[in-house]
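I have placed the structure first, in the form of structure tokens, so that the comments after it can refer back to it.
The values are calculated or read from the model by the stated rules, or taken from the named source; none is laboratory data. In this text, all values refer to a predicted model and were calculated from it rather than measured experimentally. Note that we place each Cβ from the backbone using ideal geometry, even for glycine, and neighbour counts take in every protein chain shown. The accessibility values were calculated without ligands, DNA or RNA, using every heavy atom of the protein model including side chains. Shrake-Rupley method; radii C 1.70, N 1.55, O 1.52, S 1.80 Å.
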Amino acid sequence: WGHRVGDEGSGYWIGKQAIRAALRGYDGRGAASPLTAKLLQHLKLRNEEELFNWAYSAAYSVDKTAELSRLVSEATQEGDAPARQILELAADELFLGAQAVMQKLGLSEDEAPFAVILQGGVLQHNPVVRSRLAERIVSFSQLARVDEAKREPIYGVIGQGRRLLGEEKEETEEFL
């Protein structure tokens, strides 16, 4: 559904959750977290009120917010529990999307193994999200073979097109 009403589990979504966690810690509705200091330093802000103002300013953007996902990963590696919760929730949200697709395609009842390719920046660069998502997929359907994308998505599209055109498998595999 895109970043405005969906895109759960994306880098932007993770960054937005980081901002929310910092503000919740500030107003007492959530746990204080070292992640907040990372956000403030990265954005060159002095405090949570400036963070709030930044989120509603012209400086706020999808790209700048998505960049914050890297800080969530760093904080998680340093033992920050609220940051880890954000990443685990991101994986859970991505799983709900994958589960919906598998069910609509009938893969959950099918008897043939099938591949699930993990594609995208978060899945390629965040081991917490990637491993939790892979575990959830395999526990949902033990026929699923989880694979990491080795190239950009366009190469998979080209490979599929070449396969549909009847080109040799060996020629097509270079695109996957």
Practice task
May I ask you to say which residue of 30, 9 is open to solvent by less than 20 Å² (accessible area, probe 1.4 Å) and under 23 Å from the mean Cα position of the chain (by Cα)?
Solution key: 9
Practice task
Answer yes or no as to whether residue 157 is touching a residue at least 24 places away in the same chain (Cβ under 8 Å) and either open to solvent by less than 60 Å² (accessible area, probe 1.4 Å) or not aromatic (Phe, Trp, Tyr) (or both).
Solution key: no
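Pick from region 93-130 the residues that are among the polar types (S, T, N, Q) and in contact (Cβ under 8 Å) with a residue 12 or more places away in the chain: which of them is nearest to residue 73 (Cα to Cα)?
Going through the qualifying residues, I end up with 126.
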Problem - Those residues of region 100-144 which are open to solvent by 90 Å² or more (accessible area, probe 1.4 Å) and modelled with pLDDT of 95 or more, in sequence order - result: 135
Exercise for the section: Within region 38-72, track down each residue that is small (Gly, Ala, Ser) and over 14 Å from residue 23 (Cβ atoms). Expected result: 57, 58, 59, 61, 66, 69
Practice task
Name every residue in region 8-29 that is closer than 12 Å to residue 49 by Cα and aromatic (Phe, Trp, Tyr), in order of residue number.
Solution key: 26
Handout entry: Filter result (in a helix (DSSP H, G or I), in contact (Cβ under 8 Å) with a residue 40 or more places away in the chain and either open to solvent by 10 Å² or more (accessible area, probe 1.4 Å) or closer than 15 Å to residue 130 by Cα (or both)) within region 72-84
Key = 72, 73, 76, 81, 82, 84
Problem - Pair list, Cβ under 6 Å, 6 or more apart: region 1-13 residue under 10 Å from residue 62 (Cα atoms), other residue open to solvent by 20 Å² or more (accessible area, probe 1.4 Å) and of a type in the set (Phe, Trp, Tyr) - result: 3/12
Fill in the blank from the handout: Counting only helices (runs of 4 or more DSSP H) wholly inside region 1-61, the ones holding at least 2 residues that are of a type in the set (Phe, Trp, Tyr) and on the phi < 0 side of the Ramachandran plot are 11-27, 48-55
Problem - Odd one out for residue 147 among (1) at pLDDT below 95; (2) surrounded by 13 or more Cβ atoms within 10 Å (Cβ to Cβ); (3) in contact with a helix residue (DSSP H, G or I) (Cβ under 9 Å, 6 or more places away or on another chain) - result: (3)
